[in-house]
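**Student:** Quick one: structure below, then a few questions.
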Amino acid sequence: MPPRGGNADRMSAETTQKTTTEHVTTTQHTMRAISQDVLGGPEVLKEVEVARPEPGPSEVLIRVHAAGVNPTDWKHRKRSILLGEPPFILGWDVSGVVEAVGSGVTLFKPGDEVFGMLPYPHGVGSHAEYVTGPARAFAHKPTQIDHVQAGALPLAALTAWQALVDTAAIRAGDRVLIHAAAGGVGHLAVQIAKARGAYVIGTASAAKHEFVRGLGADEVLDYQRADFAEAVHDVDVVLDTIGGEYQLRSLRTLGRGGLLVSVLPYPAQGLAEAADRLGVRTELLIVEADHAGMKAIAALVEEGALRATVAETFPMAQAAKAHEFGETNRTAGKLVLVMSGVGGARD
């Protein structure tokens with residue numbers, strides 16, 4: 001059975017599989033990708049050879065130069081969540097060059113540099129040399145940044161944008177509490193909130209306070225030493241990237257009518273009832289592919305208001321190492337896979 005991801009229904013059923021430390025050769029009709037046959041630890045990730053996908057109507061074929069690795073990748077690698085059982089190819093972030101376009105595509109031409117997020121969750125498949133996706137999931141890559149920077153942005157930046165702008169409609173003067181402000185979503189959310197004129201309070205470990213302040217946060221709390229629910233009051237919006245009891249405790253920081261937006265779409269037990277008692281609101285968000293959102297993110301990059309911090313890059317064949325590094329929860333910013341022949345890859 002061929003791995004799902006990257007329009008796997010158009011992929012060959014023949015897959016050559018090797019460990020991620022071995023070299024996989026390809027032909028002009030095939031590509032290398034990182035796949036898995038079972039759920040489990042980073043060791044289940046394998047470099048494989050599969051058929052190169054072809055773009056369908058309204059789709060583009062992209063030669064991937066860089067692709068971010070997000071917590072949702074290692075969560076889906078370990079457990080059956082939204083993708084079901086493997087085999088599949090992980091990855092939703094894409095930065096690369098349009099190789100071909102399907103019928104009806106007017107936004108892009110072959111040779112255009114683009115970045116974007118594949119439709120979440122079932123459009124997965126960017127941890128490969130090529131991927132297809134809806135043309136309107138992408139935007140032109142800003143010329144000010146390279147593919148590594150661009151590949152770090154889409155999923156995390158769209159999550160922050162859709163939470164803070166589309167859902168919470170933050171505006172100048174709003175007080176915004178951002179949990180895990182040094183993380184992939186959090187460090188971009190700080191910058192987006194500041195660009196909208198908000199007063200930003202971030203939570204982070206003490207070792208990451210300087211980093212978070214450098215992003216523009218007005219206050220930073222050490223969640224390991226202080227109870228944010230006691231220290232923070234009268235905020236307008238809370239961005240929750242952690243879930244569980246953090247959702248319940250965050251309600252106490254909100255002023256009346258305030259809003260908690262959680263990017264973990266599983267409510268803590270009793271969340272709705274607690275919010276009603278306190279006179280506050282809650283929303284649970286799953287990020288969506290978004291052409292308008294990607295254009296807005298590109299504009300912030302072009303204005304110098306948004307930049308991803310890349311904690312580490314890995315060649316695609318070392319995807320397992322990227323997962324191992326990410327699961328330490330010690331990174332500040334994003335991890336990125338870089339395809340062979342693209343600057344930043346270390347073979």
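The values are calculated or read from the model by the stated rules, or taken from the named source; none is laboratory data. Quick caveat, the model's predicted, so the values are computed rather than measured. Positions of Cβ are backbone-derived with ideal geometry, glycine not excepted, and every protein chain shown enters the neighbour counts. We work out accessible area using only protein heavy atoms, side chains counted, and drop any ligands, DNA or RNA first. Shrake-Rupley method; radii C 1.70, N 1.55, O 1.52, S 1.80 Å.
**Student:** Which of the residues that make up the range 291-335 are hydroxyl-bearing (Ser, Thr, Tyr) and in a strand (DSSP E or B)?
**Tutor:** 313
**Student:** Considering only residues that are in a strand (DSSP E or B) and open to solvent by 50 Å² or more (accessible area, probe 1.4 Å), look in the range 13-45 and name the one that is modelled with the lowest pLDDT.
**Tutor:** By that ranking, first place goes to 19.
**Student:** What do you reckon, is residue 313 within 21 Å of residue 191 (Cβ to Cβ), more than 14 Å from the chain's Cα centre (by Cα) and at pLDDT below 95?
**Tutor:** Against the criterion (within 21 Å of residue 191 (Cβ to Cβ), more than 14 Å from the chain's Cα centre (by Cα) and at pLDDT below 95), residue 313 does not qualify.
Yes/no matrix, rows are residues, columns are (1) modelled with pLDDT of 95 or more; (2) open to solvent by 10 Å² or more (accessible area, probe 1.4 Å); (3) in a strand (DSSP E or B); (4) closer than 28 Å to residue 310 by Cα:
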| residue | (1), (2), (3), (4) |
| --- | --- |
| 47 | yes, no, yes, yes |
| 54 | yes, yes, no, no |
| 57 | yes, yes, no, no |
| 66 | yes, no, yes, yes |
| 84 | no, yes, no, no |
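**Student:** Just one of 264, 248 is in a helix (DSSP H, G or I), aliphatic (A, V, I, L, M) and open to solvent by 20 Å² or more (accessible area, probe 1.4 Å); which is it?
**Tutor:** Result of the check over 264, 248: 248.
**Student:** Tally up the residues in the range 159-169 that are touching a strand residue (DSSP E or B) at 6+ places or on another chain (Cβ under 7 Å) and surrounded by fewer than 24 Cβ atoms within 10 Å (Cβ to Cβ), please.
**Tutor:** Result for the range 159-169: 1.
**Student:** I'd like to verify a number: residues in the range 154-169 that are over 22 Å from residue 322 (Cβ atoms) and not in a loop (DSSP other than H, G, I, E, B), how many?
**Tutor:** Residues flagged as over 22 Å from residue 322 (Cβ atoms) and not in a loop (DSSP other than H, G, I, E, B) within the range 154-169 amount to 7.
**Student:** Could you tell me which of the residues 172, 180 is assigned to a loop (DSSP other than H, G, I, E, B), of a type in the set (Gly, Ala, Ser), within 17 Å of the chain's Cα centre (by Cα) and farther than 30 Å from residue 97 by Cα?
**Tutor:** 180
**Student:** From 116, 133, 151, grab the single residue that is assigned to a strand (DSSP E or B), closer than 20 Å to residue 76 by Cβ and within 13 Å of the chain's Cα centre (by Cα).
**Tutor:** Criteria check complete, one pass: 116.
**Student:** Could you tell me whether the range 294-306 includes any residue that is free of Cβ contacts under 8 Å to residues at least 12 places away in the same chain, of a type in the set (A, V, I, L, M, F, W, C) and either surrounded by 21 or more Cβ atoms within 10 Å (Cβ to Cβ) or closer than 30 Å to residue 59 by Cα (or both)?
**Tutor:** Looking through the range 294-306, at least one residue is free of Cβ contacts under 8 Å to residues at least 12 places away in the same chain, of a type in the set (A, V, I, L, M, F, W, C) and either surrounded by 21 or more Cβ atoms within 10 Å (Cβ to Cβ) or closer than 30 Å to residue 59 by Cα (or both).
**Student:** Answer with yes or no whether residue 107 is at pLDDT 95 or above and closer than 20 Å to residue 67 by Cα.
**Tutor:** no
**Student:** It is to be established whether one or more residues within the range 254-268 are at pLDDT below 95, under 22 Å from residue 117 (Cα atoms) and not hydroxyl-bearing (Ser, Thr, Tyr).
**Tutor:** Yes, the range 254-268 has at least one match.
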